[in-house]
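Where a number appears in this text, it was derived from the coordinates with a stated rule and is not lab data. Computed from a prediction, not measured in an experiment: that's the story for all the values here. We place every Cβ from the backbone using ideal geometry, glycine too, and count neighbours over all the protein chains shown.
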């Protein structure tokens, strides 16, 4: 009997605790003080870590301007963002507004009813504030409806960063005392040689952080473009293709092997920071800041972090070339673009749109540029004269290295239905295999990768009605100029 | 007869008298069992939802090309199985998994047994403290351990290398987690340390079931320490030992978190084990852009791995039983 009573007591106690917990959970569910003051809280997801300062400031300003709306931001880890968004939609927990994940393709996100068409708000006059050709079928418009919009202007996505202190210690200076910036492959090699010999091996000429298996490909991408290969080493979707022939050319374009051999030559001379394959990009950024190596490849996202740490003694160059002269290929982006979109099932559509519009406002774009985060889609925000920070001014000055490239979805909107399966090993894997000596024959590995990727594209095209390989071929493309894709041409 | 009859009578009487008492006992027993079922129910529900259902559901997915978005519709028959069987990375991952198990299980068991013997010494002071200390890694999240080790190796890798270079243990700088010759070895070392405490506790529990009288009798018979260990400890631990071996092998085949956090299977699949391989198929690569998730292929890989593990477990049980029988003879 006593045992029965104790069980009941135990169950009652457990139920009481559970109830108390549930109540406690309910009472704390509305979040912080700003949320409690606002009548509506919208949830917002992004993967902006180093750009968080800009986002947080925008949220603060937005909430001041819209006292009835609170924005609850969640910054997800970038390499798992697509998975998390997908899982959130499956469990009906998707945020009200979100940065558009890179996969699945935007067309698929729309066909799955993830995103809301914005035509109710994104009227012609609203669209009119953007540059010409910003809203393109198959890019940010699907079935004639606007789902997202471009946020940033085309810009070089990768640069070679040069540490002034390391260069000066190695005697790599001009007559006026400024740092001698390497612009060709030979100059980069020469600078590396000087750093290695002058430092007695204590400072590595190069370094990167490849723990996420992506940054080694940045080196290939940057150097191969300078040599005239337009696809670079981009991965995912149809990026990385050479649109002049409508195929991947890893195995057939000699530049790939040349750059890989160059990287191997540097590696064999112990010029790369030895832990580069296992440290993260963030760690590499910190090590570069401390002068553990003299050169690294990265994007403009490096700069805010370094600025925060008061490290400003560096320069950047982009697209080093095999020999003196201008780069033979550039960085390419589509007309139009994507940044954030609104969840199709949000119960707070108007509030989500208000935040959407705020992010896309010229003022927010101006602050984006002022904080050195990147270029704004609004040209008036990108005036180099208004940029006072030297490394960011260098970045703004090299904006000509990025232009609009061919866009198959403009030529044939049905291309948006092509779902290209991933190919493994991809270029990141091949590079890691070659770099670590596990793949002894780089040319054979590149050939195999090329064949697999082109085969995957061929298979995907056969499953997409109304699409042909010709849709991906732009034989009249001049790599150094912006390309205008004509519908149906 | 005189003896048996009363007994039979007695038993008949008992049988006649039993119904009310027996029914009461049955009710009491049922009540006891009912509570057992009530207590078991949550675990069973969780097991059904998170183990049984996914296994059955994933079997269905194996026949589809599906990225996890929407409902599966692209039926591909057995193509996913064909792909897995012909994928060299899958077999490489399987090889790494077996290498991991082949090193971790014997080293960990020998170390755990040795330490258990030391900690089982009743004269040892602070034995409980040492037990807690050795068990601590077990209760520490593998993710935390992975991050800490990764930071240690990458931040202090230079210092470690400098010391080893001075001692002439190595002749050039080693990227411990980025060099395919060393990365799996580091994971094995961390794996041994991480789950070592489990086996230590199991062995300690086994050692404490051995009656002291046996050791006293052996000592009286003049047996030394080694003879006592050889002829009393080992035979008495055999039953527990078989379970520990099976659990250790199963545990090592489930290696995932340490690999995912330390190397994510890289560089170039040099540390990819089957569970990270399946994970990367199901959720894409570390670069989400690089590989579209393929739930169908991941399910097929899981199924193939499951079948291989079942086959391996059956062989393991058969071998262990036959060894036990041979020893019993």
Quick one: angle between helix A:185-198 and the longest Cα principal axis of chain A, in degrees between 0 and 90, rounded to 10, please. 90 degrees
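Under Stokes-Einstein, with the Kirkwood radius over Cα pairs standing in for Rh, what whole-number D in µm²/s applies to segment A:76-228 at 4 °C and 1.567 mPa s? Before the final figure, lay out the partial values.
Details: Rh = 19.9 Å.
Translational diffusion coefficient: 65 µm²/s.
Ranked by Cβ crowding within 10 angstrom, fewest neighbours first, how are A:338, A:308, A:345 ordered? All intermediate terms of the calculation are to be shown ahead of the outcome.
On the way: A:338 19, A:308 10, A:345 14.
Fewest-to-most Cβ neighbours within 10 Å comes out as A:308, A:345, A:338.
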Taking a ≥ b ≥ c as the square roots of the eigenvalues of the Cα gyration tensor of the protein assembly as shown, is the shape rounded (a/c under 1.5), prolate (a/b larger than b/c) or oblate? prolate
Arrange the following residues from fewest to most other Cβ atoms within 10 Å of their Cβ: A:242, A:119. A:119, A:242
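Return a whole-number percent for the relative contact order of chain A, with Cα pairs under 8 Å and 6 or more residues apart as the contact set.
Working: 803 pairs, mean separation 105.4, N = 489.
That works out to 22 percent.
Apply 1/(1 + (r/R0)^6) to the Cβ-Cβ distance of residue B:75 and residue A:310, taking R0 = 56 Å, and write down the FRET efficiency to the nearest 0.05.
FRET efficiency, residue B:75 to residue A:310: 0.40.
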In segment B:214-253, which residues have a backbone nitrogen under 11 Å from the label point lying 7 Å from residue B:117's Cα in the Cα-to-Cβ direction? B:225-234
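Roughly what % of DSSP beta bridges within the protein assembly as shown run antiparallel, to the nearest 5? Show your work: numbers first, answer last.
Working: 18 of 35 bridges.
The answer is about 50 percent antiparallel.
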Can you bin segment A:445-489 into rounded, prolate or oblate? Criterion: square roots of the alpha carbon gyration tensor eigenvalues sorted a ≥ b ≥ c, rounded for a/c under 1.5, prolate for a/b above b/c, oblate for the rest. oblate
Given a Förster distance of 25 angstrom, what is the FRET efficiency for residue B:181 paired with residue B:257, based on the Cβ-Cβ distance and rounded to 0.05? 0.60
Can you give me the distance in nm between label points at residue A:388 and residue A:350, each placed 7 Å from the Cα along the Cα-to-Cβ direction? 4.2 nm
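Given the -39500 (n - 2.57) contribution per DSSP H run of 4+ residues, what per-residue ellipticity at 222 nm results for chain B, rounded to the nearest 500 deg cm²/dmol? Walk me through the numbers on the way to the answer.
Values: 13 runs with 238 residues, N = 329.
Rounded to the nearest 500, it is -24500 deg cm²/dmol.
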Separation in nanometres of the label points that stand 7 Å from Cα toward Cβ, at residue B:225 and residue B:46: 4.3 nm
Which of rounded, prolate or oblate describes chain B when judged by the alpha-carbon gyration tensor and an a/c cut-off of 1.5? oblate
Ordered by fewest other Cβ atoms within 10 Å, a rough proxy for footprinting exposure, A:314, A:89 read A:89, A:314
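If you average the sequence gap of Cα pairs under 8 Å that are 6 or more apart and divide by the length of chain B, what percent do you get for the contact order? Could you put the intermediate results ahead of the total?
Values: 296 pairs, mean separation 86.9, N = 329.
The normalised contact order for chain B reaches 26 percent.
Is it possible to state the helix-based mean residue ellipticity at 222 nm for chain A, with each DSSP H run of 4+ residues giving -39500 (n - 2.57), the sum divided by total residues, to the nearest 500 deg cm²/dmol? What is it?
On the way: 18 runs with 191 residues, N = 489.
Computed mean residue ellipticity for chain A: -11500 deg cm²/dmol.
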Mean projected area, convex hull of alpha-carbon positions in chain A, reported to one decimal in nm², is 29.5 nm²
Using the basic label-point model (7 angstrom from Cα toward the beta carbon), what is the residue A:57 to residue A:357 distance in nanometres? 2.4 nm
Report the paramagnetic label zone for residue B:160: residues of segment B:178-216 whose backbone N is under 19 Å from a point 7 Å from Cα along the Cα-to-Cβ axis. B:178-196
Hey, what angle do you get for helix B:183-207 against the long axis of chain B, alpha-carbon based, 0 to 90 degrees rounded to 10? 10 degrees
Within chain A, what percent of beta bridges assigned by DSSP are antiparallel, to the nearest 5? 50 percent
Treating the angle as unsigned and between 0 and 90°, give the value, to the nearest 10°, between the Cα long axis of helix B:127-139 and the longest Cα principal axis of chain B. 50 degrees
Radius, Kirkwood style, for segment B:117-161 when every pair of distinct Cα atoms is counted (Å): 12.9 Å
Theoretical gain in end-to-end length, residue B:27 to residue B:85 [0.36 nm per residue, Cα-Cα removed]: 15.4 nm
Any chance you could run the full-extension gain for residue A:90 through residue A:77? It's 0.36 nm times the residue separation minus the Cα-Cα distance, nm to one decimal. 2.8 nm
By how many nm would the segment from residue A:447 to residue A:184 grow when fully extended, if each residue of separation counts as 0.36 nm and the alpha-carbon distance is taken off? 92.0 nm
